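The values are calculated or read from the model by the stated rules, or taken from the named source; none is laboratory data. As the structure is a computational prediction, the values presented were derived from the model and not from experiment. Virtual Cβ from ideal backbone geometry, glycine too; neighbours counted across all protein chains shown. We work out accessible area using only protein heavy atoms, side chains counted, and drop any ligands, DNA or RNA first. Shrake-Rupley method; radii C 1.70, N 1.55, O 1.52, S 1.80 Å.
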Amino acid sequence: MQKILIVEDERDIADLVGFNLERAGFQVMKAHDGISGAEVAIRERPDLVILDLMLPGKDGYGVFKELRRDDRSRDIPVIMLTARAQTEDRIQGLEAGADDYLTKPFSPKELMLRVQAVLKRSDGPPGQVEITYGPFRFDKNALKFYLDGEPVELTSTEFKLLLFLTERAGKAQDRNDLLRTVWGYSDEVHSRTLDTHMKRLRQKLGEHAAMVETVRGIGYCVSSL
Ligand code: CA
């Protein structure tokens, strides 16, 4: 059974989200402030964290940074939750590296779609477990990426983007296809953050950054070898 941690100080929302997740067959843990939220996530290593941004003790961004700094929680996908509906806040959340973002009020159905999309993504696609392409090597089970044999820390979003492009190397991939593959749908916010993710990905690729090409008017492409 997959475990999901809800970090949310508003107990009626935490209970509602928990109720829906339990009904869908998940094991649910709850924390009601940022400090205990980070502690529980690191100790229990849930499959997913649903993280409210406005929290007592330590805010959601602080909790998120702490999870990403610690080896035990670095790979746990996070869906950020907030009352702030501003586009800039949503972009900030995604650019911080959150796997997805949900604005209150949301419907239980919307929540479940996001949860399932994020968990499916972090499970990794089926098929061959290891893929080697030029300097790239992907371990799809462990979600690890190696560049010239050296491990490089990619977020689950960066991993998914680069894998998708590499599996289709030599062919330009449309922005909307990339968005749908990685986030399950495409919209204006995600379209803007796609470019940020690609930029950060290229930085991590260092001298091999040019293998990820921008294809004007279409999207992105991993070069042919
Ligand atoms: Ca709150």
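Dipole of the stretch 130-222, Cα-centred, from +1 at each Lys and Arg C-beta and -1 at each Asp and Glu C-beta, to the nearest 20 debye?
160
Grab the other residues whose beta carbon is less than 14 angstrom from that of ARG23, score K and R as +1, D and E as -1, and report the net.
Around ARG23, the charge tally is -1.
With +1 on each Lys and Arg Cβ and -1 on each Asp and Glu Cβ, how big is the dipole of the chain about its Cα centre, in debye rounded to the nearest 20?
Computed charge dipole of the chain: roughly 440 debye.
What is the Rg over Rh value, at two decimals, for the stretch 130-222, using alpha-carbon atoms and the Kirkwood definition of Rh?
Computed over Cα atoms, the ratio is 0.94.
In 5 Å bins starting at zero, report the fraction of Cα pairs in the chain per bin as a rounded %.
Calculated P(r), rounded to whole percents: 1, 7, 15, 19, 19, 16, 11, 7, 4, 1, 0.
Would you list MET80, MET112 from the most to the least accessible area, probe 1.4 Å? If you can, show how the numbers build up before the last one.
Working: MET80 0, MET112 25 Å².
From most accessible down to least: MET112, MET80.
How large is the translational diffusion coefficient of the stretch 1-62 in µm² per second when you combine the Kirkwood radius over alpha carbon pairs with Stokes-Einstein at 20 °C and 1.002 mPa s?
189
Using the heavy atoms of the protein chains and a 1.4 angstrom probe, tell me the accessible area per residue for the chain in square angstrom.
48
Report the normalised scattering of the stretch 37-112 as log10 I(q)/I(0) at q = 0.13, 0.16 Å⁻¹, calculated by the Debye formula with identical scatterers on the alpha carbons.
-0.36, -0.54
Which distance in Å, rounded to a whole number, links the C-alpha centroids of the stretch 181-225 and the stretch 1-79?
Their Cα centres are 29 Å away from one another.
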